[in-house]
Amino acid sequence: MTDAYTRFVRSAPGKAIAKRTGLPRPARLPRRADRPGTVLGPAVVLGHGEGAEQITRHLLGHGADVRRRVEELRKVGTVVLVLDEIAAPAELSATLLPLAGAMRSLAPGARVVAVSRPATGEDPARDAARGGVEGFVRSLAHEMRAGGTANGLQVADGVGLDAPAVLGALDFLLSARSAFVTGQFLTVSRDAGTAPADPARPMAGRTALVTGAARGIGAAIARTLAADGARLVLLDVPAAGTELARLANELRATPVQLDVTAADAGDRLVAFLRERHLVLDSVVLNAGITRDKMFANMTPERWDPVIAVNITSQITLMDTLLAAQQQDGDVLGEQPRVVSLASTSGIAGNTGQTNYAASKAGVMAFVDALAGRLEPLGGTANAVAPGFIETEMTAKIPPLRREIARRVSSLQQGGLPVDVAEAIGFLASDPAGGIQGRTLRVCGQNIVGR
Ligand code: NAI
């Protein structure tokens, strides 16, 4: 699915005009269907120490051609910068600068991932170096070309770079599953989570609930989780019953017609799950609505439903599921993964979206607090903040604003529902066990916010 402008600048005359005038020329982003493998070769691992050795061994395990010196390669598909041991900003250059000469040799859709550690407030020089990695990655992402991405992986002190949680997150960032994620950091805060038995089906053996599943991003999440091997419970409002039933048939999923804002929604869901002996390993809280209006014209009719659907329903649903689990068990699996939908509007704010941004900023704070409640169960809670994604929701934005929203990102295009779904698929799976209370932006490094 490409927009009209992108189709034009990819045509022969459009290409010539765009080149002459400096208009944006959005690249084709590689997605899992085009590039199913994890590592785009050849790969180079820059950096020293045990961590660099561990990452090298891991990439070799994927069958990749892996080098330790970038000069050995004329074309580079993957670069991993291993910076876990840096102690001062002056040490950054030894690992980073060898990449400078190779920037023009990066293959289309190349991946650069910097593996470092988060600042801890204990050592000013070391924190300055660790903070420096963030500035570097966010800037490099702006300079990537041809659909390439640059991201960071921050691994808490004490967690080895060979932990399954680290390697799982690295694989996500290296693969085509992260096509619309760039300029972002994933933080692995603990050594938890396991490598999937079958990497091609990381959700095999897990049961996942997806709310708002009948269309748009929710339907893409359902399709992605099904392809990853999950058994699915798909929830949407009764009015979307026909679309929901069609999708459930296609994916051999269990449909449930429920308005998440109904006072008894949680209880009805628990009863439904118990009746069918369904235990949820992953819960994807996707149902959401917009009712945009400038704040000067805001009314309760526009404010209240947005808060009710986008955040209050999530709080109530999780409260009910956790209470039922504590009381009689058999509602949530052993290491439940909760993933909620935030939005870049909740990070940076947006004109006409005071209600929506309040609800989505609420989601980010909610998953952070919920993570603490799930931790004793071995569970996690995280959010994904999509930027501009091509869906029915964004098709309603006036054409000029829609066109600007698409172009103001490093990747110069809107994302597809599948891009959000892939990030959710990762956070909902076993290997994401080390990521806790975070929000991952899937926005092509939209200039909105950080
Ligand atoms: P959509 O409008 O295409 O789909 C939303 C789905 O949620 C629909 O199937 C709808 O029936 C369902 N739903 C709404 N109220 C419900 C309720 N009370 N109970 C049960 N189901 C309900 O929206 P889209 O674009 O797929 O968005 C999905 C999520 O992603 C939302 O949370 C949205 O806020 C978020 N998002 C979307 C972005 C985009 O660019 N499309 C950007 C940022 C966030």
Nearest 10 degrees, 0 to 90: helix 216-227 Cα axis against the chain principal axis: 70 degrees
Gyration tensor (alpha-carbon) shape descriptor, the range 15-149, a/c threshold 1.5: oblate
Karplus 3J(HN,Hα) series, Hz, for the range 378-392 with 6.51 cos²θ - 1.76 cosθ + 1.60 (x for Gly, Pro): x, x, 9, 9, 9, 10, 10, 10, x, x, 7, 10, 6, 9, 4
Solvent-accessible surface ranking, highest first, for Ile315, Ile404, Ile424, Ile307 at 1.4 angstrom: Ile404, Ile315, Ile307, Ile424
Overall Cα dimensions of the chain, principal axis frame, Å, largest first: 62, 52, 43
The chain: angle of helix 12-21 to the longest principal axis, Cα-based, in degrees nearest 10: 70 degrees
Radius of gyration and Dmax over the Cα atoms of the range 207-442, both given in Å: 16.9, 53
Area accessible to solvent at His48, 1.4 Å probe radius, in Å²: 130 Å²
Long-range HN-HN contacts of Val66 with modeled amide H, under 5 Å: Ala43
About the Cα centre, charge dipole magnitude for the chain (Lys/Arg +1, Asp/Glu -1 at Cβ), debye: 2240 debye
Accessible-area value, Arg276, 1.4 Å probe, nucleic acids and ligands omitted, Å²: 100 Å²
Fraction of beta bridges assigned by DSSP in the range 29-188 that are antiparallel (%, nearest 5): 0 percent
Amide hydrogen neighbours beyond the local backbone of Ala383, cut-off 5 Å, H modeled: Ser340, Arg438, Thr439, Leu440
Gap separating the Cα centres of the range 38-59 and the range 346-409, nearest whole Å: 33 Å
Interchain or long-range residues, amide H under 5 Å from Ala110's placed H: Gly148, Thr149
Net charge of neighbours whose Cβ lies under 12 Å from the Cβ of Ala323, counting Lys and Arg as +1 and Asp and Glu as -1: -2
Translational D in µm²/s for the range 325-450 (Stokes-Einstein at 37 °C, 0.692 mPa s, Kirkwood Rh from C-alpha pairs): 212 µm²/s
Accessible surface, 1.4 Å probe, highest first, among residues Ser313, Ser93: Ser93, Ser313
Inter-label distance, nm, simple model (7 Å from Cα along the C-beta direction), Asn297/Arg274: 4.8 nm
Pairs beyond 27 Å (Cα-Cα), from Lys19/Lys293; Lys360/Lys396; Lys15/Lys293: Lys19/Lys293; Lys15/Lys293
Positive-end extreme of charge dipole, the chain - chosen from Leu60, Met103, Ser139 (charges on Cβ): Met103
Accessible-area value, Thr21, 1.4 Å probe, nucleic acids and ligands omitted, Å²: 90 Å²
Cα gyration tensor shape of the range 367-436, rounded if a/c is under 1.5, else prolate or oblate by comparing a/b with b/c: prolate
Cα lying deepest toward the dipole's positive end in the range 29-188, options Leu81, Thr182, Gly168, charges on Cβ: Thr182
Vicinal HN-Hα couplings computed from phi for the range 143-151 (Karplus, 6.51 cos²θ - 1.76 cosθ + 1.60; Hz; Gly/Pro x): 9, 5, 10, 6, x, x, 10, 10, 9
Among Leu341, Ala308, Ala405 - extreme Cα towards positive end, dipole of the range 290-420, charges at beta-carbon: Ala405
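The values are calculated or read from the model by the stated rules, or taken from the named source; none is laboratory data. In this text, all values refer to a predicted model and were calculated from it rather than measured experimentally. Ideal geometry is used to build each Cβ from the backbone, glycine not excepted, and the neighbour counts take in all protein chains shown. In case anyone asks, the SASA skips ligands and DNA or RNA and just uses the protein heavy atoms, side chains included. Shrake-Rupley method; radii C 1.70, N 1.55, O 1.52, S 1.80 Å.
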